[in-house]
Amino acid sequence: MAAGSRRGSKPVPFSYRAEVAARLIVGLAGGYALTAWAAMLLARLLPMSRLEATETAILLSFLIYAGLLMTVFAVRRLSVLLIGLTVAGLALAASVWLTHPVAVS
Amino acid sequence: MKGSFRQSMAWLHTWSGLVIGWLLLAIFATGLASYFKADIDAWTRPELRSPADPIAAVEKGVAWIVANNPGVRDLTVVAADARNPIMETYWQTAEGGYGSAYLDPATGAPFTARDTLGGEFFYRFHFELMIPYPWGRYLAGCAAMAMFLAVLTGLVTHKRIFKDFFTFRPGKGQRSWLDMHNVLGVLSLPFHLMISFTGLVTLMTMYMPYPIEANYGDDLETYYSSFPVAPRDADATGTAAPLTPLGPVLADAAAHWDGRIGTVTVSNPGDAAARIHVARPIGAKIDYRAEWRLYDGVTGARLDPPVPSRGPALATEDTLYGLHMGQFSQPLLRWLYFLSGVGGFAMIATGLILWTVKRRPALEKGEPMPFSYRLVERLNVAAIAGVPIAMAAFFWANRLLPSGVEGRAEAETDAFLYALLGATVLAQLVPRAWLWRGACGLGAAAFLALPVINMATTSRGLLSSLAEGDIQMASFDLTLTAVGLAFATAALLAHRKAVIPAGAHRGSRPLGAAA
């Protein structure tokens, strides 16, 4: 276990704690935002009726969130992770904005 | 993170499991009790008996509501059945207000049984945690998500699932705890994946409302009304017409569901446009889709409005919801649900204990005990033994509080809360060597005393239940006894570990009883 082995005598360096905290915040908040955008996009683009697409997107969102949380802790370099999530987030948010129906009925 | 993919997933498994583990134990314990909600409802109201004729009971209940609420607009009676001795009812008054009551199926009138929340308390606690709306539900959602994540990361951490299934090396300290955690996890892996995911599904629009916003904006009315539901009510005409006798109507509906009925709704009783709506009994199928038969309330003729079909996504949702609720399960399957829940509780418990066992060798080398270790070790005891003890305290209060006192139902839930708080505080104060022995001994006493208290305070003790062939009451007392015996066994094991002098063992000690 990567972190489990550090205990007792050896103090955990601050940089390690800061990185864990950063990944936690990025994963919980950023991951949720990405999931929400992805689910919104799915709800608009899935080739089903409006209601069916909405419900499918909600059901899939929990799998997406779980996948993102695992990714956030699996990617080795924090910088790669942050850049990747930012690009994905911008792309998703832009897509959600672009697919906005002209008039929401 | 540093290290391989598997290592970082193992890290995520450890920490997501630790952070949420205690809360999950409480959610699991109350959730697995909720598979027997109807039976808890029955046990906590020993004054009531299941009706011999549920249809006649509904007729009486409807008559009581109509007689006591002139001009009632619509009324609903949830039928009692062989397991459930109470009829839950609610109605809309002539003035547009709402009323509700629990009725005794024997008389059709509000019952005089002791005031208790019964099984509803554990059911509500399971997803609301006694925290005001909506925060309890959000917290339960976080717990479900963390568990889903912990199951997934636990899964990918494994090198050899199949082999783990057959691996148990007892008496080897940390290794044994890990084996036990693995066996429990793998044995009912489909259950753990299903229950955590479907738990999210039960309140999914609360946890992920954004797709609705994406497609409907602020117009929630359009969203809700787009669910395909057959029309059931007709507008009142203002012309008076007597309500048809309910007996034949309900019997006709019951003929289609193994002689059982679910919820009965009568709209506009006494009006020419009266409608009788009989829902299928909960549990006739896995999915939670509403299914009913509709009758004219004046002629009693069956109406057959076309039922719109539900698409694949809605059908999936209905089925996932039904899987979580487990109401479709007949006794054998219901016990398997219960045992899977117990397995889940034990899996979380062994995972939490493993966290401490893993960090113990360093302590045994004489390093100072960090605060985090002490806290986790003692919170483990508080949650693993404290939650069941708190549930037992609820049942103690149910039997021991006098029937007429003001706020009796709240006093029962207070007993649960104070027992849990007391166990948590006590677990911080008890000498370390007595932690597990004391907690498990207390658990054994709390549960083993319950059948005795039941026998002493009611006429429906274990012996008379067995003599009468009352399987429901007898199984309840026997289950309490089994839980008590399990605690007693754990207490004995912990005691044996504690009295063997330090140094007689290599490595760490299971149950953490030895100082």
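The values are calculated or read from the model by the stated rules, or taken from the named source; none is laboratory data. Values in this document were obtained by computation on a predicted structure and should not be read as measured data. Cβ placement follows ideal geometry from the backbone for every residue including glycine, while neighbour counts extend to all protein chains displayed.
Check B:Pro361, B:Pro388, B:Pro402 and return the single one that is assigned to a loop (DSSP other than H, G, I, E, B) and of a type outside the set (Phe, Trp, Tyr). Talk me through it step by step, then tell me what you get.
On the way: B:Pro361 fails: assigned to a loop (DSSP other than H, G, I, E, B); B:Pro388 fails: assigned to a loop (DSSP other than H, G, I, E, B).
Only one candidate passes the filter, namely B:Pro402.
For B:Gly326, indicate whether it is crowded, with 22+ Cβ neighbours inside 10 Å and either at pLDDT below 90 or at positive phi (or both).
Here the answer is yes, as B:Gly326 does meet what is asked.
B:Leu463 - would you say it is over 25 Å from B:Thr116 (Cα atoms) and assigned to a helix (DSSP H, G or I)? I'd like the intermediate steps shown before the answer.
Numbers: over 25 Å from B:Thr116 (Cα atoms): no; assigned to a helix (DSSP H, G or I): yes.
Taking the combined requirement at face value, the residue does not satisfy it.
Among the residues of region A:38-57, which ones are of a type outside the set (Gly, Ala, Ser) and more than 8 Å from chain B (Cβ to nearest Cβ)?
Matches in region A:38-57: A:Leu45, A:Leu46, A:Pro47.
Among helices (runs of 4 or more DSSP H) lying entirely in region B:188-302, which contain 2 or more residues that are over 30 Å from B:Phe345 (Cβ atoms), within 13 Å of another protein chain (Cβ to nearest Cβ) and touching a residue at least 40 places away in the same chain (Cβ under 8 Å)? Reasoning before the result, please.
Details: elements: B:189-202, B:204-207, B:210-216, B:220-225, B:246-254.
Of the helices (runs of 4 or more DSSP H) lying wholly inside region B:188-302, none has at least 2 residues that are over 30 Å from B:Phe345 (Cβ atoms), within 13 Å of another protein chain (Cβ to nearest Cβ) and touching a residue at least 40 places away in the same chain (Cβ under 8 Å).
So which pairs qualify, if the first residue must be in region B:373-402 and modelled with pLDDT of 95 or more, the second must be among the basic types (Lys, Arg) and not in a helix (DSSP H, G or I), the Cβ gap must be under 8 Å, and the two must be at least 6 apart or on different chains?
As it stands, the answer is B:Asn398/B:Arg114; B:Leu401/B:Arg114, since those pairs meet every condition given.
In the list B:Phe122, B:Phe148, B:Phe127, which residue meets the criterion of being touching a Phe, Trp or Tyr at 6+ places or on another chain (Cβ under 7 Å), in a helix (DSSP H, G or I) and crowded, with 17+ Cβ neighbours inside 10 Å? Break it down stepwise before answering.
On the way: B:Phe122 fails: touching a Phe, Trp or Tyr at 6+ places or on another chain (Cβ under 7 Å); B:Phe127 fails: touching a Phe, Trp or Tyr at 6+ places or on another chain (Cβ under 7 Å).
Going through B:Phe122, B:Phe148, B:Phe127 in turn, the sole match is B:Phe148.
Listed here are the residues, each with its yes/no results for (1) among the β-branched types (Val, Ile, Thr); (2) closer than 20 Å to B:Phe28 by Cβ.
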site	(1), (2)
B:Thr350	yes, yes
B:Pro361	no, no
B:Glu364	no, no
B:Val376	yes, yes
B:Val381	yes, yes
B:Trp396	no, no
B:Arg408	no, no
B:Gln428	no, no
B:Thr458	yes, no
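Give the residues of region A:8-44 that are polar (S, T, N, Q) and modelled with pLDDT of 95 or more, sorted by residue number. Let's see the steps before the verdict.
At the first step, the residues of region A:8-44 found to be polar (S, T, N, Q) are A:9, A:15, A:35.
Within region A:8-44, just A:Thr35 meets the criteria.
Being more than 9 Å from chain B (Cβ to nearest Cβ), more than 15 Å from the chain's Cα centre (by Cα) and modelled with pLDDT of 95 or more, is that true of even one residue in region A:58-78?
Within region A:58-78, not a single residue is more than 9 Å from chain B (Cβ to nearest Cβ), more than 15 Å from the chain's Cα centre (by Cα) and modelled with pLDDT of 95 or more.
Given the condition surrounded by fewer than 21 Cβ atoms within 10 Å (Cβ to Cβ) and in contact with a Gly (Cβ under 9 Å, 6 or more places away or on another chain), answer yes or no: does some residue in region B:27-36 qualify?
At the first step, the residues of region B:27-36 found to be surrounded by fewer than 21 Cβ atoms within 10 Å (Cβ to Cβ) are none.
Checked region B:27-36: no residue is surrounded by fewer than 21 Cβ atoms within 10 Å (Cβ to Cβ) and in contact with a Gly (Cβ under 9 Å, 6 or more places away or on another chain).
Kindly state which helices (runs of 4 or more DSSP H) lie completely within region B:1-102 and contain at least 1 residues that are within 14 Å of chain A (Cβ to nearest Cβ) and over 30 Å from B:Pro402 (Cβ atoms). Write out each step before concluding.
Working: elements: B:5-34, B:37-43, B:54-68.
Those helices (runs of 4 or more DSSP H) span B:5-34.
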